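The structure under discussion appears below in the form of structure tokens.
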Amino acid sequence: MRYISVLGALLFCAAPAAAQVTFEQLPVFEGITDVSNDGSIVAGYNPVFFAGFIWNRSQVMHRLTLPPEYRKVAVRGISGDGRIIAGTLSEGVNGLRQQAFRYTISGGFEYLDDLGEAGDTIINAVDAISRDGRTVMGTGRFPGGAAAVTWVAGSPTPLVVPIPDGAPRMLMAGASDADASHIAMTDFHQSFLWHAGALTAITPIDPYRGVPTEVSDHGDVVAGGPYAWRWSEADGFEALPTLPDGRHVDVYAMSADGEVLAGGNNSPWRPLREESAFYWTRETGLVLMKDLLIERGINMDDWTLKSVDAISADGQTLFGRGVYTNGFWQSWTAFVPRPAVCSHGLPCSADFDRSGAVDWADLGAFFNSWQRGEACGDFDRSGGVDGEDVGAFIGRWQVGC
């Protein structure tokens, strides 16, 4: 049983306001690569100097202090609660080349093993971490070969993802659903989805569609690149459109339900002032992020948006990189409300974030929606977002469904 004071919750919550599109420059020059479920904590690294960081909405910046045996770090992902990040250390000394790791602020680096023998050069790499934080995935490499692997919480030992007989060797595990029961993998010619020992090809044989980067929380939607594509159980494979001028872009981020995709082109070979950050939903189609923001009333005269690199679980808070008017790279965030898909129409209405469990994250998700005045904040479906909705939601949340 959960206990919380409804009166206390009402006293400490600001009155709800109508949801509107916002855009904000962040005090972060580095590239953001992933974000916690609620959009409050981001992680990333400087793509020039490869210095890692964790930053939160309270303006607290934590920088990763590199171990003396390595010179660079690439942060690849963060758990849904923002407590664990994962990535790869590189350019090591004393024969160490690439080292996969987990990291927490309290515990520091935890090195993850590779597939080689004792004394071999470490050359493994991380590509993602599940939202529940229990599984890190990527590539375990050894002299003469490589394989898609996972590292499960509590053990640094890599587990080769079991592939059916006759299937091509998977070289990279690129993304997973919330609990890593569905893992998107590739042989770099084609993308596959692994679940319960079965392997399903989800893209044509085409290296330009061969890198899966995102999986929805329930494993029913996968997206990737380097030419943007989307696969779902409902619709199968579809190649996303190019930008209006015909340029291809890559998918870097996706909402938990797989209905919002975003990305861009972070290639250093593209012109500095070339817009490439994009946003996609079934309703909007593929549009330039800057055009979407201008259409919603945001003045974007000082910005060139290069990529959207992370999206909160609800698909409404986006983070990316751009070039400011002074010619320097800068990170930014935008809030773009979505048409409501509300939990109060589902069998378990207390599962507000639709994660499959009723927990503290649902409480935070509800209050975020309520304070913004969103349609889902009208939990009692009275036609207005008010204090009665707080009581209605907490009543269901305490019961557990």
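Remark: segment 225-236, residue by residue, has Karplus-estimated 3J(HN,Hα) of x, x, 9, 4, 8, 9, 10, 9, 4, 6, 10, x Hz, where x stands for each Gly or Pro and the curve is 6.51 cos²θ - 1.76 cosθ + 1.60 at θ = phi - 60°. Per-residue Karplus couplings for segment 29-36, computed as 6.51 cos²θ - 1.76 cosθ + 1.60 with θ equal to phi - 60°, are listed in order as 8, 6, x, 7, 10, 7, 9, 5 Hz, Gly and Pro entered as x. Placing unit charges on the Cβ atoms only, positive for Lys and Arg and negative for Asp and Glu, gives segment 19-109 a dipole magnitude near 240 debye about its Cα centre. Going from the fewest other Cβ atoms within 10 Å to the most, the residues LEU272, LEU26 appear in the order LEU272, LEU26.
Per the Debye formula on identical point scatterers at the alpha carbon atoms of segment 341-401, with no solvent, log10 I(q)/I(0) at q = 0.12, 0.15 Å⁻¹ is -0.21, -0.34. Choose one answer from ARG338, ARG372, ARG57: the residue with the largest mean-square fluctuation in a GNM of the chain with alpha-carbon springs under 10 Å. Of ARG338, ARG372, ARG57, the most mobile in the Gaussian network model is ARG57. Return one number: the angle in degrees, 0 to 90 and rounded to the nearest 10, between the long axis of the Cα atoms of helix 387-399 and the longest principal axis of the Cα atoms of the chain. With both axes taken from Cα atoms, the answer is about 50 degrees. How far is helix 360-372 tilted, in degrees, relative to the longest principal axis of the Cα atoms in the chain, given as a value from 0 to 90 rounded to the nearest 10? For 360-372 against the chain, the angle is about 50 degrees. For GLY77, the residues whose modelled amide H falls within less than 5 Å of its own, excluding neighbours fewer than 5 places apart on the same chain, are ALA86. Residues whose amide H falls under 5 Å from that of VAL149, counting only those 5 or more places apart or on a different chain, are GLY138, THR139, GLY140, VAL161, ALA173, with hydrogens built in the peptide plane.
Under the criterion of Cα pairs below 8 Å and six or more residues apart, the relative contact order for the chain equals 13 percent. Backbone amide hydrogens, once placed in the peptide plane, bring SER307 within less than 5 Å of ALA277, ARG321, excluding anything fewer than 5 places away on its chain.
Here, the chain has an Rg and a Dmax of 21.2, 66 Å when only alpha carbons are counted. Fewest neighbouring Cβ atoms within 10 Å first, the residues LYS72, LYS306 line up as LYS72, LYS306. In order along segment 285-291, phi translates into HN-Hα couplings of x, 8, 10, 5, 4, 5, 5 Hz, rounded to whole numbers, per the Karplus curve 6.51 cos²θ - 1.76 cosθ + 1.60 with θ = phi - 60° and x for Gly and Pro.
Fewest-first ordering of ARG282, ARG76 by other beta carbons within 10 Å of each residue's beta carbon gives ARG282, ARG76.
Quick note: the coordinates plus some simple rules give every number you see, no bench work behind them. Fair warning: this is a prediction, and the values are worked out from it, not measured in the lab. All Cβ positions, glycine included, derive from the backbone under ideal geometry; neighbour counts span all protein chains shown.
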